[in-house]
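Below is one structure, written out as structure tokens; the observations come after it.
The values are calculated or read from the model by the stated rules, or taken from the named source; none is laboratory data. On a predicted model such as this, the values are computed, not experimentally measured, just so you know. Using ideal geometry, Cβ is built from the backbone for each residue, glycine included, and neighbour counts are taken over all protein chains shown. To get the accessible areas, we keep the full protein, side chains included, count just its heavy atoms, and leave off ligands, DNA and RNA. Shrake-Rupley method; radii C 1.70, N 1.55, O 1.52, S 1.80 Å.
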Amino acid sequence: MTASVTTFAATNIDDIVLLTLFFARRVPTRKIVAGQYLGFLAIILLSCLGLLLTLAIPHQWIRALGLIPLLLGLKQFVLLFRKADEEEDVPAGRAGVLSIAFVTLSNGSDNVGVYIPFFSINRGHLWLVLLSYAVLVAFWCCIGKWLGNRRVILKAVDRVGHLLVPLVFIALGLYILAF
């Protein structure tokens with residue numbers, strides 16, 4: 001359960017920024033929540049499809065999938081030094097459910113890369129992982145709404161998120177490689 005929460009948080013810290021921006025722009029809550037769930041469902045379906053593909057991989061090679069989050073983390077860590085802070089591109093004003101879902105999905109490529117090996121090593125408890133993710137999406141939306149009313153916190157989350165995400169991905173990759 002702790003690994004599920006950590007994996008979700010690490011792969012969705014950038015979603016906190018997006019959700020906060022949506023709420024700060026006064027997009028209706030129901031649209032944001034529906035779009036977040038729809039986009040996250042697409043991420044989960046892609047990850048489960050990837051998991052099915054891993055069933056064809058010999059079990060001793062599964063650990064090698066830890067290279068995916070490890071390399072994603074290293075790439076993001078390197079990018080921290082290469083480019084200046086950029087704001088996330090978020091549709092303004094009247095964002096609809098599908099546009100929010102698309103932003104969530106397009107922002108979730110790192111999620112898929114991390115979830116496939118994570119789901120693979122937790123196949124026996126995948127239902128618990130997915131259930132915790134479903135609850136965490138709602139929690140994430142609540143946090144985003146709360147943050148959407150506090151600009152000082154938005155800046156702090158944006159600053160800390162860029163540093164923590166790569167480090168957590170690297171740690172997760174090392175964990176999977178060692179498992």
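May I ask you to compute the full-extension gain from Val5 to Leu45, defined as 0.36 nm times their residue separation minus their alpha-carbon distance, rounded to one decimal in nm?
That pair, Val5 and Leu45, stretches by 12.5 nm at full extension.
What list of ³J(HN,Hα) values in whole Hz, one per residue of segment 114-129 in order, does the Karplus curve 6.51 cos²θ - 1.76 cosθ + 1.60 (θ = phi - 60°) give from phi, with Gly and Pro shown as x?
For segment 114-129, the Karplus curve yields 8, 5, 4, x, 5, 5, 4, 7, 10, 3, x, 10, 4, 4, 6, 4 Hz.
Along the Cα→Cβ direction, 7 angstrom out, place labels at Phe139 and Leu98. What is the inter-label distance in nm?
About 3.3 nm separates the two model spin labels.
Between Leu55 and Arg82, what is the spin-label point distance in nm, taking each point 7 Å from the Cα along the Cα→C-beta axis?
Here the answer is 3.7 nm between the modelled labels.
Give, in nm to one decimal, the length gained when the segment between Leu74 and Arg123 is fully stretched (0.36 nm per residue of separation minus the Cα-Cα distance).
15.0 nm
Distance between Cα centroids, segment 1-65 to segment 104-150: provide it in whole Å.
4 Å
Please compute the per residue accessible area over segment 2-71 with all protein chains in place, 1.4 Å probe, rounded to a whole number of Å².
Ligands and nucleic acids excluded, the figure is 48 Å² per residue.
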